[in-house]
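Visitor: Got a structure here, written out as structure tokens. Questions coming.
The values are calculated or read from the model by the stated rules, or taken from the named source; none is laboratory data. It should be emphasised that the depicted structure is a prediction, and the values quoted were computed from it without experimental measurement. When we count neighbours, we look across all protein chains shown, and the Cβ atoms used for this are built from the backbone with ideal geometry, even at glycine. To get the accessible areas, we keep the full protein, side chains included, count just its heavy atoms, and leave off ligands, DNA and RNA. Shrake-Rupley method; radii C 1.70, N 1.55, O 1.52, S 1.80 Å.
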Amino acid sequence: MGLVESGKLPKPLTSLLNTSRKYSLWIFQWGLACCAIEMGAALGAPRYDVMRLGVIPLPASPRQADLVCISGTVTDKMVPAIRRLYDQMPDPKYVISMGSCANCGGPYWDSYSVTKGIDQVIPVDVYVPGCPPRPEALLEGIVLLQERIGKEDMAARWKGDPIVVS
Amino acid sequence: MTALTERQQLAYANAQAADGRVNLEFETDEGMTLNMGPQHPATHGTLRIVLKLDGEQVISCEPIMGYMHRGYEKLVEVRTYPQVTTLVNRIDWLGSFANEVPFILAAEKLMDIEAPPRAQWIRTILFELSRISNISLFVGDMALHIGAISAAFYAFRDREYVLNQIEAATGGRFHPNFDRIGGLKDDLPKGWIADTKATMNKIRDFCDEMETLVEGNEIFQTRTRGIGVIPADVALAYGMSGANLRASGVDWDLRRDEPVGLAWNECDWNVITHPDGDSFARFWVRLQEIRESTRIVDQLLDGLPAGPIMAKVPRIIKVPEGEAWVATENPLGEMGYYVVSKGGLGPFRVKIRTASFNNIAVIPWVTRGVYVPDVVTILASLYFILGDIDR
């Protein structure tokens, strides 16, 4: 275990690391359904333009990503692929669950083939509710996550409650 | 939301993996197998395509779907009629309003109700707006897949104007859920007509821009002309519909042939066809269809009749026993609902016919012998939406 993971870094160094991490998030877009289009609007469209927040939307593979945005309906057939790609991401990694379907199943709460919440498969840091959420809501989720990362203590990662955008 | 331990999460994922394993034993004596998807940008969601390659050439190809199957036909059986529109909005998520209309029309047909003319005209206007928002994304998307990223930014920019108009009228950017049995939820807001006309001008500018930026581009033409040619007889044999069929030269549009009470035959517009049947033709037909849609919207806004927007409908909607089939020309092609009612609060059984399912059936035929980059061109030009395939 390195010095960073052990959490024994001096405070100024930690805050320097955190500041640089929070403004260079590579977001892997796992677009599945309707929310994928709103995510595309938030990340790619000129009106919302996520890059001004220091988020880079187009990593070549999950192995280069710090943040994955699961947006849309997750079916049981898709679950193994999601888990596998999450496992491929390097630590520290964060997950945004975008939209009601990824949060809890949404309008398909009684469907036989839909996973009732992506948190059954991978740990989630930010829940963005809505069906689909507006692009502004996703940006709010990203900003809240950046605030969290800025204050993060390296040793205590994963111990906080997930953020719910409201 | 109860937090699960990592052990539980892994167990869930592994169980699903064991359950849903697709056994695709491609004999790989010669050639190699390449897996495109299920999360590939060219698949508009989660379509998995297994290609068997000889060098760079495709020997055979198999699309595997079901990654977005949400069990619509089963869910609809346990919803009441007004609740169903909420669900069916999300079948083709780019042109949501167009999905509600055929279902509502089928229910109206069973109940023997006709919406007042103003409601039908507003329905048609919103239908065409959702078509514009759908296809304008296609235009940017197709260019993006071929390697021109800036067209996608322009498409997203101008699509927002249309979404603004849909939001102003219905309250929803994406899923309006605005249609009711017997009419519409609300009348149009103040000043909406003038705003929409201004938006239509912007969209026509967008079409001009795309024609010079994408369509006239030499690289674009080289990569699309003669790629993925689907002759008319093959297209008809595979049950294709919509712009894909019209790009093969078949003059067939349900808006003109079967307007089911909506206002398309009240105005002057053309069905666009192209004789080539290649990827360029499919792009060209769709781009021209945006223009035709703006023409339809402009004319309908000019002649919008006054009057109520809701017919007399009982408070609790019970549909009498019977069966009805209504199909309309959605942005992606023919979409229809076959509704069976047993007289209850909800439908007994609904069969949903969506366009993309038939449109992608041709992929194994059309990709035989093409090169790998052309597969992306063909997939992009066929333009399917996964929610529309899997339902």
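Visitor: Going toward the positive end of the dipole of chain B, with +1 on Lys and Arg Cβ and -1 on Asp and Glu Cβ, which of B:58, B:288, B:306 do you reach last?
Guide: So the residue furthest toward the plus end is B:306.
Visitor: Then there's this: At a cut-off of 50 Å², which residues of region B:151-174 become less accessible once all protein chains are present than in their chain alone, using a 1.4 Å probe?
Guide: Those are B:156, B:160, B:173, B:174, which lose 50 Å² or more relative to the chain on its own.
Visitor: Short version: ³J(HN,Hα) in whole Hz for each residue of region A:101-110, in order, from phi by Karplus 6.51 cos²θ - 1.76 cosθ + 1.60 (θ = phi - 60°), x for Gly and Pro, what are they?
Guide: These are the phi-based 3J(HN,Hα) values: 4, 6, 6, 8, x, x, x, 9, 4, 10 Hz.
Visitor: Another question, if that's okay. Of the beta bridges DSSP finds with both residues in the protein assembly as shown, what % are antiparallel, to the nearest 5?
Guide: 65
Visitor: Another question, if that's okay. Over region B:328-372, with the other protein chains present, what is the accessible area per residue in square angstrom, probe 1.4 angstrom?
Guide: Details: 1480 Å² over 45 residues.
With all protein chains present, region B:328-372 gives 33 Å² per residue.
Visitor: A further question on this structure: Could you work out the percent of alpha carbon pairs in region B:202-284 separated by over 19 Å, rounded to a whole number?
Guide: The calculated P(r) of region B:202-284 puts 50 percent of pairs beyond 19 Å.
Visitor: Once region A:49-166 is represented by equal point scatterers at the alpha-carbon sites, with solvent omitted, what log10 I(q)/I(0) does the Debye formula produce at q = 0.10, 0.11, 0.13, 0.21 Å⁻¹?
Guide: -0.29, -0.35, -0.50, -1.30
Visitor: Then there is this: Roughly how many whole Å is it from the C-alpha centroid of region B:66-104 to that of region B:192-246?
Guide: About 27 Å separates the Cα centre of region B:66-104 from the one of region B:192-246.
Visitor: Sticking with this structure for a sec: Explain nothing, just the number: dipole magnitude of region B:341-391 about its Cα centre with +1 on each Lys and Arg Cβ and -1 on each Asp and Glu Cβ, in debye rounded to the nearest 20.
Guide: I would put it at about 400 debye.
Visitor: Could you give the dipole magnitude of region B:71-149 about its Cα centre, charging the beta-carbon of Lys and Arg +1 and that of Asp and Glu -1, in debye to the nearest 20?
Guide: 120
Visitor: R0 = 25 Å: FRET efficiency of residue B:198 with residue A:58, Cβ-based, nearest 0.05?
Guide: Working from the Cβ atoms, E equals 0.15.
Visitor: Quick one: compute the contact order of chain B, relative version, from alpha carbon pairs under 8 angstrom and 6+ residues apart, as a percent.
Guide: 25
Visitor: Let me ask something else about it. Amide H of residue B:349 versus every other amide H placed in the peptide plane: which residues, excluding those fewer than 5 positions away on the same chain, fall under 5 Å?
Guide: The answer is B:340.
Visitor: For region B:72-388, build the convex hull from the C-alpha positions and give me its volume per residue in Å³.
Guide: Each residue corresponds to 119 Å³ of Cα convex hull volume.
Visitor: Something else: What chymotrypsin sites (Phe, Trp or Tyr not before Pro) does region A:50-136 have in DSSP loop regions with at most 14 other beta carbons within 10 Å?
Guide: A:109, A:112
Visitor: Per-residue mean of other chain beta-carbon atoms within 10 angstrom of the beta-carbon, peptide B:77-88? All intermediate terms of the calculation are to be shown ahead of the outcome.
Guide: Details: counts 0, 1, 2, 0, 0, 0, 1, 0, 0, 2, 3, 0.
Averaged over the peptide's residues, the number is 1.
Visitor: Mind listing the phi-derived Karplus ³J(HN,Hα) values for region A:125-140, rounded to whole Hz, using 6.51, -1.76 and 1.60 with θ = phi - 60°, and x for any glycine or proline?
Guide: With coefficients 6.51, -1.76 and 1.60, one gets 9, 10, 9, 10, x, x, 9, x, x, 5, x, 4, 5, 5, 5, 4 Hz.
Visitor: For the residue pair residue A:136 and residue B:14, what label-to-label distance in nm results when each label sits 7 Å from Cα along the Cα-to-beta-carbon direction?
Guide: 4.6
Visitor: Measure off, as a whole percent, the carbon and sulfur share of the 1.4 Å-probe accessible area of chain A, all protein chains present.
Guide: Working: 4040 of 6910 Å².
Of the solvent-accessible surface of chain A, carbon and sulfur hold 58 percent.
Visitor: Roughly how many whole Å is it from the C-alpha centroid of region A:118-154 to that of region B:330-391?
Guide: 33
Visitor: Here's another thing I want to ask about it. Report the number of Lys pairs in chain A whose alpha-carbons are under 27 Å apart, with separation of 8 or more residues or on distinct chains.
Guide: 18
Visitor: With the full set of protein chains in place, find how many percent of the accessible area of region B:186-228 is carbon and sulfur; take the probe as 1.4 Å.
Guide: Exposed carbon and sulfur together represent 51 percent of the surface.
Visitor: Sequence gap of 8 or more, or different chains, plus Cα separation below 28 Å: how many lysine pairs satisfy both in chain B?
Guide: 23
Visitor: Of A:47, B:204, which has the most accessible area with a 1.4 Å probe, and how do the rest follow in descending order?
Guide: A:47, B:204
Visitor: Now for a separate question. In deg cm²/dmol, rounded to 500, what helix-only [θ] at 222 nm does the protein assembly as shown give when every DSSP H run of at least 4 residues adds -39500 (n - 2.57) and the total is split over its residues?
Guide: Estimated from H runs of four or more residues: -13000 deg cm²/dmol.
Visitor: Here's another thing I want to ask about it. Mind listing the long-range amide H neighbours of residue B:180? Cut-off is under 5 Å, sequence gap 5 or more, other chains count too, H placed in the peptide plane at 1.01 Å from N.
Guide: B:185
Visitor: Starting at the first residue of region B:105-122, write each ³J(HN,Hα) from the Karplus equation 6.51 cos²θ - 1.76 cosθ + 1.60 with θ = phi - 60°, in whole Hz, x for Gly and Pro.
Guide: My calculation for region B:105-122 gives 5, 5, 5, 5, 4, 5, 7, 6, 10, 10, 5, x, x, 4, 5, 5, 5, 5 Hz in order.
Visitor: Ordering A:76, B:278, B:112, A:87 from largest to smallest accessible area (1.4 angstrom probe), what's the sequence?
Guide: Output order, biggest surface exposure first: B:112, A:87, A:76, B:278.
Visitor: If you add up the charges near residue B:372, with Lys and Arg at +1 and Asp and Glu at -1, over every other residue whose beta carbon is less than 14 angstrom from its beta carbon, what do you get?
Guide: 0
Visitor: Okay, next question. Give the average, rounded to an integer, of partner chain Cβ atoms located within 10 angstrom of each Cβ in A:114-125.
Guide: Rounded to a whole number, the mean comes out at 4.
Visitor: Over the whole of B:46-58, what's the average partner chain Cβ count within 10 Å per residue? Rounded to a whole number, please.
Guide: Going residue by residue through B:46-58 and averaging, the value is 1.
Visitor: Here is a follow-up. Under a 1.4 angstrom probe, counting protein chains only, how are B:127, B:348 ranked by accessible area, largest first?
Guide: B:348, B:127
Visitor: Also, I was wondering about something else. Could you state how much accessible area is buried at the B-A interface, both sides summed, with a 1.4 Å probe, in Å² to the nearest 100?
Guide: Values: alone 16810 and 8770 Å², together 21900 Å².
Approximately 3700 Å² gets buried when B meets A.
Visitor: Restricted to Cα positions, what overall size does region B:73-145 have along the principal axes? Three whole-Å values, descending.
Guide: Largest to smallest, the principal-axis extents are 45, 33, 13 Å.
Visitor: Which value, in nm² and rounded to one decimal, describes the direction-averaged projected area of the C-alpha convex hull of the protein assembly as shown?
Guide: If you wrap the Cα atoms of the protein assembly as shown in a convex hull and average its projections, you get 26.8 nm².
Visitor: Which cross-chain or sequence-distant (5 or more) residues have an amide H under 5 Å from the amide H of residue B:49, H modelled 1.01 Å from N in plane?
Guide: B:36, B:37, B:64
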